[in-house]
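*Asks:* Take this structure first; my questions come after.
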Amino acid sequence: MANKIMRKVFLACAIIISIVYVSMYYDNGEYTKGNIDEYVCKICEIYNVPGLSLAIIDGDNEYYINYGESIDENSRFELGSTTKAFTALGILKLEQEGKLKITDSVSDYLPWFKPTYKKTAYDVSIEDLLCHTSGVPSWTISTIPEGEDTDESLLIRTIQNIQEIKLDSEPGTYHEYATINYDILALIIEEVSGEKYEDFISSDILTPLDMQDSFFRTNDEDADKMVRGHKTGFFSPFVYDSPTYYGNTAAGYLVSNTSDLMKWMKNWSIESQDELGLVKDVLNHDVSEKGNYYAGWNIYEGYICHGGNNPNFSSQVIISREKRQGVFVLSNLAGSSATNIGDGIYRLLLGDTIRIGLQTDTNGLVDFLSIVMALLLIYFTMLLWDRKSPRACIVRVTVGTASIVAMLIVPFIFHYPYKVIYVWFPVTVCMTLTITLTIALINIFAGCFWWFRDKMGS
């Protein structure tokens, strides 16, 4: 009787949580450019964003919208992958100075870098890295070691971890986003310039653009100079201090604020003064066979854009190529909140009337599915608990064993170990994995016990 009541409770919880989830992420309001502030507040409430800062260019108007306690245009956030455009300009600056060509092979600068495709050695060009057409698999992000700038070998070790990588495709033929491509570019910058990557970008890119508040996060202490980052768990944002990945600095760890990023957007806008003399080269680059990607930008006919996502921050930038319009969004919550908000605001700037409707953050969706899956696992375990025949015991032990084997080998098959899952995914994913393991062990021991008891009794 108690079993029946408890499993009904778990099933009811799963249903109620599903209803609550839909209601949390739904809004039927109508928004235009005239009530853009209201749109920002509402969608931040829906996504449970703790802090958000936006820089907006709209014709002659330049302004900021901020959300959250003590957040303003001077609040610093990690950019995530919108850092890549800065790294790309570093490479193009060296080409401008005649110190390299983007058609050069990586092995010209890193002779020990010897990737293969179908057991044949291939040269990867610098342009392949800039376009994410190197063939380097996206899962290589899981090979990036933790560590701070006190270990100056981290960048080179990050690349040495994949120096003989088996490529997913022949270089130059297929676009596959792999964050580590830009770490390889950082090492080339160091080899050619003779400076640390972060020092070169700061002096040759950030300083000419007057981005004085921006810096690279290279150690744990740098976290004190910016807002606290968050990740999702149980439908709420949790403060989360992510590890430092010094070897991945060039791909995702520029720290900035919307005050500085307003200057960055103006550098790329239709009326850009092009302080570095590189904007036209990027925007006019042929990306038709490169997945519309080059130099840290998704490049389309009417606009350029890029998103960023770190374990506890996210960002999105969209800049028009036809009008003086653009938006840069910084969020201290990992997931797709910044991307969705940036896309919505850009549509409002274009004059669209939009409804939010049912719109979910990716990490929020994973969080929801993890909770419901955990509840359903417990429910079905209790539902089948009273089945103790020899056949049921064999099935119980088989399923439990298969679950444990799957949990052991799947991370290796997909190249995402549990440490990476812990860092990058909502906390409820680890909870569900723990519950799955616990239920599997219970089923194995219970199945064995009941099977032996039945045999002894007969």
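Rule-based calculations on the coordinates, nothing more; no lab input. Keep in mind it's a predicted model, so treat the numbers as computed, not measured. Cβ sites come from the backbone with ideal geometry, for glycine too, and all protein chains shown count toward neighbours.
*Asks:* When ASP367, ASP149 are ordered from fewest to most other Cβ atoms inside 10 Å of their Cβ, what list results?
*Replies:* Values: ASP367 27, ASP149 17.
Ranked by crowding around the Cβ, least crowded first: ASP149, ASP367.
*Asks:* Right, something else. Return the calculated 222 nm mean residue ellipticity for the chain, to the nearest 500 deg cm²/dmol, obtained by summing -39500 (n - 2.57) across DSSP H runs with n ≥ 4 and dividing by the residue count. List each step's numbers first, then the result.
*Replies:* Values: 15 runs with 196 residues, N = 458.
After summing the helix terms and dividing by residue count, I get -13500 deg cm²/dmol.
*Asks:* What percentages make up the Cα-Cα pair-distance distribution of the chain when the bins are 20 Å wide from 0?
*Replies:* That works out to 23, 49, 23, 5, 0, in percent per bin.
*Asks:* While we're here: Rounded if a/c is under 1.5, else prolate if a/b beats b/c, else oblate: with a ≥ b ≥ c from the C-alpha gyration tensor eigenvalues square-rooted, which is the stretch 360-408?
*Replies:* Working: a/c = 5.93, a/b = 1.96, b/c = 3.03.
Oblate, because a/c is 1.5 or more while a/b does not exceed b/c.
*Asks:* Then there's this: Out of every Cα pair in the stretch 231-353, what percent are spaced more than 21 Å from each other?
*Replies:* Working: 3399 of 7503 pairs.
Beyond 21 Å sits 45 percent of the P(r) for the stretch 231-353.
*Asks:* Taking the number of other C-beta atoms within 10 Å as the exposure measure, put TRP297, TRP451 in order starting with the fewest. Kindly include the intermediate steps, with their values, before the conclusion.
*Replies:* Values: TRP297 24, TRP451 19.
With the sparsest Cβ surroundings first, the list reads TRP451, TRP297.
*Asks:* For the chain, what's the relative contact order in percent, using C-alpha pairs closer than 8 Å and at least 6 residues apart? If you can, show how the numbers build up before the last one.
*Replies:* On the way: 893 pairs, mean separation 102.9, N = 458.
Computed over the chain, the figure is 22 percent.
*Asks:* Would you work out which of GLY342, VAL49, TRP297 lies farthest towards the positive end of the dipole of the chain, given +1 charges on the beta-carbon of Lys and Arg and -1 on that of Asp and Glu, about the Cα centre?
*Replies:* The Cα lying farthest towards the positive end belongs to VAL49.
*Asks:* By how many degrees, between 0 and 90 and to the nearest 10, does the Cα long axis of helix 337-349 differ from the longest principal axis of the chain?
*Replies:* 50
*Asks:* What is the dipole size for the chain, taken about its Cα centre, with +1 at each Lys and Arg Cβ and -1 at each Asp and Glu Cβ, in debye to the nearest 20? Write out the running numbers ahead of the final one.
*Replies:* Working: 36 positive and 57 negative charges, 672 e Å.
For this selection, approximately 3220 debye.
*Asks:* In the stretch 340-458, with Lys and Arg counted as +1 and Asp and Glu as -1 at Cβ, which of these residues, PHE445, THR353, PHE414, has the Cα nearest the positive end of the dipole, that is, farthest along it?
*Replies:* It is PHE445, whose Cα lies furthest towards the positive end.
*Asks:* Just to confirm the number: angle between the C-alpha axis of helix 84-96 and the first principal axis of the chain, 0 to 90 degrees, nearest 10?
*Replies:* Tilt relative to the chain: about 30 degrees.
*Asks:* What order do you get for ASP213, ASP241, ASP286 when you list them from fewest to most C-beta neighbours inside 10 Å? Provide the component values of the computation, followed by the final result.
*Replies:* On the way: ASP213 17, ASP241 11, ASP286 8.
The most exposed by this proxy come first: ASP286, ASP241, ASP213.
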